[in-house]
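As structure tokens, the structure follows; a few thoughts come after it.
The values are calculated or read from the model by the stated rules, or taken from the named source; none is laboratory data. Here the structure is a predicted model, which means the values were calculated and not measured. Every residue, glycine as well, gets a Cβ built from its backbone with ideal geometry; the counts of neighbours run over all protein chains shown.
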Amino acid sequence: MSESLGSQVSWKWARDFALVGAVSSFLAPALIVGSWLGVGTLVLLALVGGATGAGLGVVLARLLRTPIGALSWPLMVLGMGALGALWGVVVGLAGGLMLTVPDGIEVLDQGHVNPVVAAFIACAALAAGLQLAWFGAAYHRAVRASAPTWIAVVLACGMPLVGWAALLFLSGGAMVGLRA
């Protein structure tokens, strides 16, 4: 693959993963806890999710041009899920640290991570892991098949809505009260 083509591929992956990261990092917490986080935290999460998503896209575009890109579908899903969980930890940590500023929450409470911050990071890791498990593998498969990738990007951006709807359904509507 020529260097120019490789740069175009990396740019496309960076753009698409940045979009998914920014939208998901803003929308998922906004739907679940909404105004409690504040607009500043939600914007910070979108910026961190977008920036780290762009970086992850570049890394994946290059990494998947190696023999790793030929892994079986189940292994690809597992690998993407693990990378997604790490991605979620980074974004969740940024959000967790931002929570400490306006509310006076201590990140470390008697030598242990504050449960609110830990829960925020855990939720972000779980959500990003599940999302990248299917999105990353599907995106890679679409690229390899020269199929359109925009469908996977749009679906990935809409996943926070699916997660919110599932939580709303499973809670019998009690989730609505969390946003107030």
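Out of everything in the stretch 52-68 that is assigned to a helix (DSSP H, G or I) and out of contact with any helix residue (DSSP H, G or I) (no Cβ under 7 Å at 6 or more places or on another chain), what residue ends up being farthest from A156 (Cα to Cα)?
P67
Could you grab me the full set of residues in the stretch 112-167 that are in contact with a Phe, Trp or Tyr (Cβ under 7 Å, 6 or more places away or on another chain) and not aliphatic (A, V, I, L, M)?
Within the stretch 112-167, T149 is the sole residue that qualifies.
Looking only at residues in the stretch 64-108 that are among the β-branched types (V, I, T) and either in contact with a strand residue (DSSP E or B) (Cβ under 9 Å, 6 or more places away or on another chain) or over 25 Å from F120 (Cβ atoms) (or both), which one is modelled with the lowest pLDDT?
Here is the first cut: in the stretch 64-108, the residues among the β-branched types (V, I, T) are 66, 68, 77, 89-91, 100-101, 105, 107.
This time we only want the ones that are either in contact with a strand residue (DSSP E or B) (Cβ under 9 Å, 6 or more places away or on another chain) or over 25 Å from F120 (Cβ atoms) (or both), so: 66, 68, 77, 107.
On the way: T66: 87, I68: 85, V77: 93, V107: 58.
Among those that are among the β-branched types (V, I, T) and either in contact with a strand residue (DSSP E or B) (Cβ under 9 Å, 6 or more places away or on another chain) or over 25 Å from F120 (Cβ atoms) (or both), it is V107.
May I ask you to list the residues in the stretch 112-151 that are closer than 22 Å to A14 by Cα, among the β-branched types (V, I, T) and in a helix (DSSP H, G or I)?
Listed by number, the residues that qualify are V143, I151.
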